[in-house]
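Heads up, the thing below is written out as structure tokens.
The values are calculated or read from the model by the stated rules, or taken from the named source; none is laboratory data. Since the structure is predicted, the reported quantities are computational estimates derived from the model, not experimental observations. Positions of Cβ are generated from backbone atoms using ideal geometry, with glycine treated the same way; all protein chains shown enter the neighbour counts. For the accessible areas, the whole protein counts, side chains as well, though only heavy atoms, and no ligand, DNA or RNA atoms are used. Shrake-Rupley method; radii C 1.70, N 1.55, O 1.52, S 1.80 Å.
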Protein chains: 2
Amino acid sequence: MERRSFLKKAAAGVAVGTVAAPAIAQSQPSITWRMPTSWAKSLDTLFGGADYVCKRVGELTDGKFQIRAFAAGEIVPGLQVLDAVQAGTVEIGHTASYYYFGKDPAFGLGTSVSFGPNARQNHAWWHFGGGAEAMAPLYKDYGCIALLAGDTGCQMGGWYRKEIKTTADLKGLKMRIGGMAGLIVAKLGVVPQNIAAPDIYPALEKGTVDAAEWVGPYDDEKLGFAKVAKYYYYPGFWEGGSMLHTLVNEKKWNELPKAYQAALQAACGEVTTWMLAKYDAQNPGALRRLVASGTQLRPFSRQVLEAAEKAAYEVYDELGAKSAHWKRIYPDWKKFRDEQFLWFRVAEHTYDTYCFNSKVGQPAAAGKKA
Amino acid sequence: MERRSFLKKAAAGVAVGTVAAPAIAQSQPSITWRMPTSWAKSLDTLFGGADYVCKRVGELTDGKFQIRAFAAGEIVPGLQVLDAVQAGTVEIGHTASYYYFGKDPAFGLGTSVSFGPNARQNHAWWHFGGGAEAMAPLYKDYGCIALLAGDTGCQMGGWYRKEIKTTADLKGLKMRIGGMAGLIVAKLGVVPQNIAAPDIYPALEKGTVDAAEWVGPYDDEKLGFAKVAKYYYYPGFWEGGSMLHTLVNEKKWNELPKAYQAALQAACGEVTTWMLAKYDAQNPGALRRLVASGTQLRPFSRQVLEAAEKAAYEVYDELGAKSAHWKRIYPDWKKFRDEQFLWFRVAEHTYDTYCFNSKVGQPAAAGKKA
């Protein structure tokens, strides 16, 4: 029962076949799809994740269902993947829901919102906390179904030319910041900019923006931000664990043979662990290299975090009046978040806190900050 | 390159086909396999995860590749799944590697060891930190390949009839404890017992053991431990994030069509997110019910944790003399663990610590301990 329910969730409400009632033998048609993404090709976690889904689907179907991933701008601009899938220009895309928060702020909940769940808590919400079902009608309004397909983990707080000690230092700061976090930092005086990945470095270099955030050490090192901004802040309080999604045009989805739908679901499920594991494995070395090259690592002050959190929950309370989807989804999301936070304090956080700070099993160097 | 490398890792060294070189059209033979597990059927996360893999593989192959999951004891005793797969009595099984630490302590690293990586860090090690490749020769010695297929997250520290304030309270305590953690707590005076799930409750009820641990609130509630032991300790310092595996007889694996190998790999990858999400979603409610029914929630004291960690690293240093696999794998594992701990302190742990303790976004009740 629960497993069936999960499969349904994975398909955002579209029922799939089961083994118990053996599928009628069906043709394996040759299908070729194009998958624009929001990612530069150099980002081998994000673009690499989309590519992984495509390759796996090919393997699962003996090469009959071929999907090709395209970098941002190759066939569709990076921040218009949803539009292209909705229009049917392409059948499928890989993107972050929160890029489309301007259409509806509820898209933010599909990726991450400030002071929201971390990666595991987001996955728990999506798969077993009613998240996929709650979000499905929103995606349906845009002609899509959404499959969870990747996660970045908790992100860093971005690159700044000057130190940010209190919220006073944020006033008037022009900053590239992803998704609906812009609404929140705007309350603190930041002037938020929505800029796709390839354009961030030039903007920061020219001074069009004073600060910029992307993901974390591994990606940020590739994009070169350390060359033009010295201070690297943490944590990215607007992205505790950002989910990525494969969006599929609903009509095209419904035309797929059941085994091909299952192939997409399984590959997207698999890549969620894959991407998070890849980020977690690659980030430590990247951060060490950045720090060795002069990057100054700084935690946001408690004053900044508290002001931002207060602003975030003010924004969330206001959004119900602007979006029927937000109004419908947010109360249950918030309840789930609160329960997750309480539970994680017990086993997970106690374990992490002890282990990460213990000197017993650590080498001498572990006393130093990364 | 890295994606191919990941696929290889997922197959523990067995190369798989790619779309770039389209597979020669191959038959889709009808194959029926049996999958014994180490789990009681009532455990819908662990047994449910094994069952999920079977169902998904069926869907991915239009019902041609049928695998049936069996509960512990149905066709193979719960702690002999590896033996049955090795002998070829069955083709495949779902279990925890560390049950077999008596054959070789290095099996412990496949699941979790005391004060080791948490769930995400374990997945990073397995998929991108050389873990799968390092473990493959060990599984190969037992005629198997291993696919990561599930995780419990950080477990609880178990059920006790009396309070455990210091290590003095552990002396002579007869305790059911999983895997090689027994070696470590034995150094603190505990008398460890390896007992399969269905037999734990009777042993605790009769007083054959004084204490017992299984997984966490959701499973432990099902197994009824609260009825016979009052104190529930956290965290389970021997299981920061326990990985489960699908073991496949190597000869049987090599006989599979490539698309069927891919189906198993994808389904196992998918279930890793599935199982963790299910535990994370279900544990908070279970813990609340347990506490409401009189369970006394207690953190292990710092004195207990420090003594246990010291004992753990003494054991790890000794094991190199007993196992060539341990000697070969442990140094790189330890280095990876140390780097993960350092990095997670920065973004993830700072975020979690702030969010889990903040009062700003929390309801009034959040101030109370779960």
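Taking the Cα centre of the stretch A:239-313 as origin, work out the dipole magnitude from +1 charges on Lys and Arg Cβ and -1 charges on Asp and Glu Cβ, in debye rounded to 20.
Values: 9 positive and 7 negative charges, 47 e Å.
The calculation lands at about 220 debye.
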Translational D in µm²/s for the stretch B:207-314 (Stokes-Einstein at 37 °C, 0.692 mPa s, Kirkwood Rh from C-alpha pairs): 192 µm²/s
Students often forget the sequence filter, so: which lysines lie under 16 Å Cα-Cα from A:LYS227 once same-chain residues fewer than 8 apart are removed? A:LYS162, A:LYS206
Calculate how steeply helix A:302-319 sits against the longest principal axis of the alpha-carbon atoms of chain A, using the helix alpha-carbon long axis, and give the answer as 0 to 90 degrees to the nearest 10. 40 degrees
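Can you tell me how the stretch B:87-228 classifies by the Cα gyration tensor, rounded, prolate or oblate, using a/c under 1.5 as the rounded cut? If you can, show how the numbers build up before the last one.
Working: a/c = 1.92, a/b = 1.72, b/c = 1.12.
Judged from the Cα gyration tensor, the stretch B:87-228 comes out prolate (a/c at least 1.5, a/b above b/c).
Let me make sure I get this right: for the stretch B:235-370, a, b and c are the square roots of the gyration tensor eigenvalues over alpha carbons, sorted descending. Under 1.5 in a/c it's rounded, otherwise prolate if a/b > b/c, else oblate. Which is it?
Values: a/c = 2.06, a/b = 1.35, b/c = 1.53.
The shape class here is oblate.
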Find every distance from the label point of B:LYS41 to the corresponding label point in the other copies (7 Å from Cα along Cα→Cβ) and write them in nm, one decimal, shortest first. 5.4
Taking a label point 7 Å from Cα toward Cβ, how far is A:LYS162 from its twins in the other copies, in nm, shortest first? 6.4
Can you tell me the accessible area per residue over the stretch B:272-350, all protein chains present, probe 1.4 angstrom, in square angstrom? 38 Å²
A:THR95 accessible area, assembled protein chains, probe 1.4 Å, Å²: 0 Å²
Which of B:LYS140/B:LYS327; B:LYS258/B:LYS334; B:LYS278/B:LYS359; A:LYS103/A:LYS174; A:LYS327/B:LYS359; B:LYS230/B:LYS334 exceed 25 Å between C-alpha atoms? The answer is B:LYS258/B:LYS334; B:LYS278/B:LYS359; B:LYS230/B:LYS334
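With each run of n ≥ 4 DSSP H residues scored as -39500 (n - 2.57), what mean residue ellipticity at 222 nm is computed for chain A after dividing by its residue count and rounding to the nearest 500 deg cm²/dmol?
Working: 13 runs with 170 residues, N = 370.
Result for chain A, helices only: -14500 deg cm²/dmol.
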Give me the 1.4 Å probe accessible area per residue for the stretch B:194-239, excluding ligands and nucleic acids, in Å². 32 Å²
Relative to the longest principal Cα axis of chain A, at what angle does helix A:324-357 sit, 0 to 90 degrees, rounded to 10? 60 degrees
What is the dipole size for the protein assembly as shown, taken about its Cα centre, with +1 at each Lys and Arg Cβ and -1 at each Asp and Glu Cβ, in debye to the nearest 20? 760 debye
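Tell me the net charge near B:CYS268. Cut-off is 11 Å between Cβ atoms, B:CYS268 excluded, with +1 for each Lys or Arg and -1 for each Asp or Glu. It would help to have the intermediate numbers written out before the result.
Details: positive: B:ARG56; negative: A:GLU270, B:GLU270.
Charge balance near B:CYS268 sits at -1.
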Output ³J(HN,Hα) for the stretch A:191-196: one whole-Hz value per residue in order, computed from phi by the Karplus curve 6.51 cos²θ - 1.76 cosθ + 1.60 with θ = phi - 60°, and x for Gly and Pro. 9, x, 10, 9, 10, 6
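If I compute solvent accessible area with a 1.4 Å probe over the protein chains, what percent of it on chain A is carbon and sulfur?
Using a 1.4 Å probe with all protein chains present, chain A comes out at 53 percent carbon and sulfur.
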Computed magnitude of the charge dipole of the stretch A:242-366 (debye, nearest 20; Cβ of K, R +1, Cβ of D, E -1): 260 debye
Taking GluC sites (Glu not before Pro) as exposed when in a DSSP loop with at most 15 other Cβ atoms inside 10 Å, chain B has its longest clean stretch at B:164-370
Could you work out, residue by residue across B:296-309, how many beta carbons of other chains sit within 10 Å of that residue's beta carbon, and then give the average as an integer? 2
Does any residue of the stretch A:35-84 lose at least 20 Å² of accessible area with all protein chains in place compared with its chain alone, and if so which ones (probe 1.4 Å)? A:TYR52, A:LYS55, A:ARG56, A:GLU59, A:LEU60, A:ASP62, A:GLN66
Summing both sides, how much accessible area is buried between A and B? Use a 1.4 Å probe and give Å² to the nearest 100. 9200 Å²
In the protein assembly as shown, what percentage of the DSSP-assigned beta bridges are antiparallel, given to the nearest 5? 50 percent
Rounded if a/c is under 1.5, else prolate if a/b is larger than b/c, else oblate: which is the stretch A:177-252, with a ≥ b ≥ c the root eigenvalues of its Cα gyration tensor? prolate
Starting from a label point 7 Å past Cα on the Cβ side, list the distances from B:SER27 to the same position in the other copies, nm, shortest first. 2.4
Env charge @ A:VAL228, Cβ radius under 10 Å, K,R +1 / D,E -1, value +3
Report which residues of the stretch B:234-256 become buried by 30 Å² or more of accessible surface when going from the isolated chain to the complete set of protein chains (1.4 Å probe; DNA, RNA and ligands ignored). B:TYR234, B:PRO235
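Please report the antiparallel percentage of the DSSP beta bridges confined to chain B, to the nearest 5. Present the calculation step by step, with values, prior to reporting the outcome.
Working: 15 of 31 bridges.
If we restrict to bridges inside chain B, about 50 percent are antiparallel.
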Could you please put A:ASP141, B:ASP151, B:ASP169 in sequence from largest to smallest accessible area, using a 1.4 Å probe? A:ASP141, B:ASP169, B:ASP151
